Amino acid sequence: MTGTINVDSKQLPDARGYYGEYGGRFVPETLVPALDELEAAFHAALADSEFTHELDYLQSTYTGRPTPVSYARRLSDHLGGAQIYLKREDLAHTGAHKINNALGQALLARRIGKQRVIAETGAGQHGVATATAAALLGMECHVYMGTVDMARQQPNVFRMRLLGAEVIPVESGSKTLKDAINEAIRDWVTNVETTFYLLGSALGPHPYPLIVRHFQSVIGDEARQQIVEMAGRLPDACVACVGGGSNAIGLFNAFRDDEDVDLIGVEAGGLGIASGAHAARFADPALGRPGVLHGTRSYVLQDADGQILNTHSVSAGLDYASVGPEHAFLRETERAYYTYATDEETLEAFQLLCQLEGIIPALESAHAIAEVIKRAPTMPKDSILLVNLSGRGDKDLDTVIKELGE
Ligand SMILES: *Cc1c(COP(=O)(O)O)cnc(C)c1O
């Protein structure tokens, strides 16, 4: 049981965008009117049945929702403890949960009257989801991407271009995700009148973490109903990987008031916490401390002077120095528990899921499976673990081939 403090956290964030002492809005003055406009448009959209019907319609006829829940019989038998159920976001169009948020925000952009969307991308997954939504709705799309990431993720660069997006190379700093975010914010400051910033995770200045949570909550809303239909009751625990935290918050949100359901987030442990080469913002007390990055206050990996540290993970989607502010709050109030899986544990989990269930998971999602491998055997056979399989692993085959030396 992790649910010890009774906070009505569904009411959060507060009016200023805070989850306890995390979140908020740390942006240049010029962006404040756009964030206010976005917040107002978001609330108006939710109250407008035309908007919600269109989103529902696209989810069912385009994204392929509801995604199923699969009972992982052979994995459960193999581990010999809890019964394991997988929420199959890998089966959503484009192969991951990111499309849920991209479609929702693209519809919001159209509602506000902005024809141009911009996005940042690291591994390219959010860029692909954004380019997909922009193509579907006939919008102009520019995606910022570090040149190091472009070289590492060629197929996604090509996908985005096929989908009609322009990929803008970023040469500054470490030429990776955090530099791409800086450039995207710069673009937004300059073109804020015409441009919608389509943000990819439960991060950034208020109201983005709230908006992303809302559009990803479909995961948990569906899964809660599906597990009750299949297993006859709620799970004992929900498990999800945590990069920025959007797939995790999307799953957790539906269960937050179910105090008997443990919520477990899994960060990227990389080469191990002691090595410093990881993206475990919560697990490393030396380097992970509250701070401000990209418009929000949360846990950030930083050195003694507050310089943002470079991170490492075998999975590009978890490789970020900060984490969504609501997760910092859920951890502090002990409603959710956070742990990590190393690259090595993740690669083992990846192979096990392939062999026992016929599912090639994204390396991000394999972090959640790694935690299940540790946890399930310690649980009784009539207990239930619900795991979010955030994406499919086709995109990771090159990485896995290199790592396994085949
Ligand atoms: C991007 C990505 C993640 C990490 O992002 P969150 O916002 O933490 O969900 C996890 N899984 C997959 C498949 C991804 O593409």
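Does region 111-130 hold any residues that are open to solvent by less than 30 Å² (accessible area, probe 1.4 Å), within 14 Å of the ligand (Cβ to nearest atom) and at negative phi, and which are they?
Of everything in region 111-130, those that are open to solvent by less than 30 Å² (accessible area, probe 1.4 Å), within 14 Å of the ligand (Cβ to nearest atom) and at negative phi turn out to be Ala119, Glu120, Thr121, Gly122, Ala123, His126, Gly127, Val128, Ala129, Thr130.
Select from region 244-280 the residues that are away from the ligand (no atom under 16 Å from the Cβ) and more than 17 Å from His214 (Cβ to Cβ) and list them in ascending order. So that I can check it myself, show each step before the final result.
Here is the first cut: in region 244-280, the ones away from the ligand (no atom under 16 Å from the Cβ) are 255-262, 271-277.
Correct list: Asp258, Glu259, Asp260, Val261, Asp262, Leu271, Gly272, Ile273, Ala274, Ser275, Gly276, Ala277.
How about region 271-310: which of its residues are open to solvent by less than 50 Å² (accessible area, probe 1.4 Å), assigned to a loop (DSSP other than H, G, I, E, B) and under 28 Å from Pro13 (Cα atoms)?
If the condition is that a residue be open to solvent by less than 50 Å² (accessible area, probe 1.4 Å), assigned to a loop (DSSP other than H, G, I, E, B) and under 28 Å from Pro13 (Cα atoms), then Ala280, Arg281, Phe282, Ala283, Asp284, Leu287, His294, Gly295, Gly306, Leu309 are the ones that fit.
Within region 302-335, how many residues turn out to be over 20 Å from the mean Cα position of the chain (by Cα) and under 13 Å from Gly20 (Cβ atoms)?
Residues flagged as over 20 Å from the mean Cα position of the chain (by Cα) and under 13 Å from Gly20 (Cβ atoms) within region 302-335 amount to 2.
Just a yes or no: is a residue in region 231-243 open to solvent by 10 Å² or more (accessible area, probe 1.4 Å), within 14 Å of the ligand (Cβ to nearest atom), more than 21 Å from Ala341 (Cα to Cα) and of a type in the set (D, E, K, R)? Outline the logic, then answer.
Residues of region 231-243 open to solvent by 10 Å² or more (accessible area, probe 1.4 Å): 231-234, 236.
From the residues that got through so far, the ones that are within 14 Å of the ligand (Cβ to nearest atom) too are none.
No, because not a single residue in region 231-243 is open to solvent by 10 Å² or more (accessible area, probe 1.4 Å), within 14 Å of the ligand (Cβ to nearest atom), more than 21 Å from Ala341 (Cα to Cα) and of a type in the set (D, E, K, R).
Would you be able to say whether some residue in region 220-228 is under 15 Å from the mean Cα position of the chain (by Cα) and within 13 Å of the ligand (Cβ to nearest atom)?
Yes, the conditions are met somewhere in region 220-228.
Scanning region 334-371 for residues that are of a type in the set (S, T, N, Q) and surrounded by 18 or more Cβ atoms within 10 Å (Cβ to Cβ), which turns out farthest from the ligand (Cβ to nearest atom)? So that I can check it myself, show each step before the final result.
Taking region 334-371 first, the residues of a type in the set (S, T, N, Q) are 339, 342, 346, 351, 355, 365.
So of that shortlist, the ones also surrounded by 18 or more Cβ atoms within 10 Å (Cβ to Cβ) come out as 339, 342, 346, 365.
On the way: Thr339: 15, Thr342: 17, Thr346: 12, Ser365: 6 Å.
Filtering first and then ranking leaves Thr342.
Residues in region 194-214: is at least one away from the ligand (no atom under 12 Å from the Cβ), open to solvent by 30 Å² or more (accessible area, probe 1.4 Å) and assigned to a helix (DSSP H, G or I)? Even if it seems obvious, please write down each step before you answer.
Filtering region 194-214 for residues away from the ligand (no atom under 12 Å from the Cβ) gives 194-198, 205-207, 210-211, 214.
Within this subset, residues satisfying the condition of being open to solvent by 30 Å² or more (accessible area, probe 1.4 Å) are 194, 214.
Filter again for assigned to a helix (DSSP H, G or I), leaving 214.
Yes, region 194-214 contains at least one residue that is away from the ligand (no atom under 12 Å from the Cβ), open to solvent by 30 Å² or more (accessible area, probe 1.4 Å) and assigned to a helix (DSSP H, G or I).
Which one of the conditions (1) crowded, with 20+ Cβ neighbours inside 10 Å; (2) more than 16 Å from the ligand (Cβ to nearest atom) does Thr147 fail to meet, given that it meets all the rest?
It fails just one condition, (1).
Which members of region 93-105 meet the condition of being crowded, with 24+ Cβ neighbours inside 10 Å and either more than 17 Å from the chain's Cα centre (by Cα) or closer than 22 Å to Ile359 by Cβ (or both)?
Once the filter is applied, which keeps residues that are crowded, with 24+ Cβ neighbours inside 10 Å and either more than 17 Å from the chain's Cα centre (by Cα) or closer than 22 Å to Ile359 by Cβ (or both), region 93-105 yields Ala96, His97, Lys98, Ile99, Asn100.
Can you pull out every residue in region 372-399 that is assigned to a helix (DSSP H, G or I), within 16 Å of the ligand (Cβ to nearest atom) and either open to solvent by 10 Å² or more (accessible area, probe 1.4 Å) or at pLDDT below 95 (or both)? Walk me through it before giving the result.
Start the filter on region 372-399 by keeping residues that are assigned to a helix (DSSP H, G or I), which leaves 372-378, 394-399.
Next, from what is left, pick out any that are within 16 Å of the ligand (Cβ to nearest atom): 372, 394-399.
Within region 372-399, Asp394, Lys395, Asp396, Leu397, Asp398, Thr399 qualify.
The values are calculated or read from the model by the stated rules, or taken from the named source; none is laboratory data. Worth saying up front: this structure is predicted, and the values here are computed from it rather than measured. Note that each Cβ is placed from the backbone with ideal geometry, even for glycine, and that neighbours are counted across all protein chains shown. Heads up: the accessible areas ignore ligands, DNA and RNA and are worked out on the full protein's heavy atoms, side chains in. Shrake-Rupley method; radii C 1.70, N 1.55, O 1.52, S 1.80 Å.
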